[in-house]
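Since every read-out is calculated from the coordinates, none of them should be taken as a lab result. Everything quoted here is computed from the prediction, not taken from an experiment. A quick note on method: Cβ atoms are made from the backbone with ideal geometry, for glycine too, and the neighbour counts reach across all protein chains shown.
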Amino acid sequence: MVKKKTVMKYFVKAIWVFNWFNSCGFTELVPVVGSRWDMERFGMITVNSPRKADVLFIAGFQTPKSMKRAQKIYEQMPDPKFVLALGSCPITGGMYWDSYNTVKKLEDYLPVTMYIPGCPPRPEAVFDAVFKIVQHVHGMPDE
Amino acid sequence: MSVVEKEKNNLDKEEKIVTALSKKLNKKVNIQRKKRLWVSIEPKEIVDACSIAYDMGFEHLSTISVTDWIEKNNFEIAYHLWSYKEKMLLTIKTRINRENPTISSVTSLWSKNAELCERECHEFYGVIFEGNVNLTPLMLEDWTGPPPFRKDFDWRKYVQQEYYDESNPREDIYFEVKK
């Protein structure tokens, strides 16, 4: 029987990311991609299709309309998959806490693996979250 | 041509357009400032007025805007038309009743462009454009509340009811905020 850890190890060797960003989400996460913090040195690549992705990054305020699309994207991702919510907007609605058309709690719509607080979160915090996923897999018992 | 002469020419041109428009629309066309004209008309004349303006060179529908005058119990709908030839903006304003916000659509003149503008006005103010076949929401999918840009829409109360639970100790802070 193939061990779960063995399989997962291969998956988390290089984390491929699919981005679902509204509003300022993308511009705030550009430093992670750029040369200073450079996520590619850890094997993190932004992919052009959710079918290749391991991790779904969600940032910026989400509306019920955008959430429908995000769910479609999530369903297309192969297992094992993780959802990382970046910034304060997906956590509580952020500065849009009293907006009539903004999603206040992301976990009502998608199974969120980890929330990264900050407005915007520092690139170090994003890497920390990704390393936590890797550590989690390495710490798995050999079943 | 000197600058003064140029200015005078422009003013003459403006005057000419204003007189021609006033005559055709049978309404007083006002000059707000340089190159900015506006006219107030009856809601039932809207398609005729727009087509007259279209024939005079105001071919581009920049946008349609709605203002909610809740004290006067009406919506003011403004059609902003731009003329490429004269480089002038004409605003056609009309007021409709707030209780029965219905007006003829101008999709016969500007088809897709007008359709999009009218969809937005319908979505946020609930104005019904008769003749527009596609008034589906742009942004507010599955929206059940009242049109959100109306002045009598209490958005804070709506958000508290829709998204937060007062009995939850982690969320009762949202109910302490006064308007």
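Using the Cβ-Cβ distance between B:Val3 and B:Lys28 with R0 = 25 Å, the FRET efficiency computed as 1/(1 + (r/R0)^6) comes to roughly 0.25.
In terms of distances greater than 20 angstrom between alpha carbons, the cross-link table entries A:Lys72/A:Lys105; A:Lys9/A:Lys68; A:Lys5/A:Lys72 yield A:Lys9/A:Lys68; A:Lys5/A:Lys72. Across region B:74-79, computed HN-Hα scalar couplings (Karplus, 6.51 cos²θ - 1.76 cosθ + 1.60, θ = phi - 60°) run 8, 9, 9, 9, 10, 9 Hz from first to last residue, x flagging Gly and Pro. Phi-derived couplings, Karplus 6.51 cos²θ - 1.76 cosθ + 1.60 at θ = phi - 60°, listed residue by residue for region B:148-153: x, 8, 5, 5, 8, 7 Hz, with x used for Gly and Pro. The value of relative contact order for region B:3-139, using C-alpha pairs under 8 Å at least six residues apart, is 19 percent. Counting only other chain Cβ atoms within 10 Å of each residue's Cβ, the peptide B:138-146 averages 3.
Inter-chain neighbour count for A:92-103: the average number of beta-carbon atoms from partner chains within 10 Å of each residue's beta-carbon is 4.
Axis angle, to the nearest 10 degrees, between helix B:46-55 and the longest C-alpha principal axis of chain B: 40 degrees. Across peptide A:125-136, the average count of Cβ atoms from other chains found within 10 Å of a residue's Cβ is 0.
Looking at the protein assembly as shown, what % of the alpha carbon pairs are farther apart than 29 Å?
57
Counting only lysines at least 8 places from A:Lys3 when in the same chain, those with an alpha carbon closer than 29 Å to its own are A:Lys13, A:Lys52, A:Lys81, A:Lys132.
When each of A:Lys9, B:Lys16, A:Lys81 is scored by the number of other beta-carbon atoms lying within 10 Å, the sequence from fewest to most is B:Lys16, A:Lys9, A:Lys81. Residue-wise HN-Hα couplings along region A:28-41, as the Karplus relation 6.51 cos²θ - 1.76 cosθ + 1.60 with θ = phi - 60° gives them from phi, are 6, 9, 4, x, 5, 7, x, 6, 5, 9, 6, 5, 6, 5 Hz; Gly and Pro carry x. Each Cα pair under 8 Å and six or more residues apart adds its separation to the average, and for region A:4-138 the resulting relative contact order is 26 percent. Cβ-Cβ distance of A:Asp108 and B:Val47, R₀ of 56 Å, FRET efficiency by 1/(1 + (r/R0)^6): the value works out to about 0.75.
Cross-link reach is defined here as a Cα-Cα straight distance under 15 Å, omitting same-chain residues fewer than 8 places apart; for B:Lys35 the aspartates and glutamates meeting it are B:Glu7, B:Asp12, B:Glu14, B:Glu15, B:Glu86. Counted over the protein assembly as shown, the DSSP beta bridges are approximately 50% antiparallel. If R0 is taken as 25 Å, the Cβ-Cβ distance between B:Glu99 and B:Phe149 corresponds to a FRET efficiency of 0.90. Straight-line cross-link partners of B:Lys72 among the lysines, defined as a Cα under 20 Å from its Cα and at least 8 positions apart when in the same chain: B:Lys44, B:Lys93, B:Lys151. A simple spin-label model places the labels of B:Glu59 and A:Cys24 4.2 nm from each other, with each point 7 Å out along Cα-to-Cβ.
D by Stokes-Einstein for region B:3-139, Kirkwood Rh over Cα pairs, 25 °C, 0.890 mPa s: 157 µm²/s. Close amide H partners of B:Ser104, meaning residues 5 or more places away or on another chain with modelled amide H under 5 Å apart, are B:Glu130.
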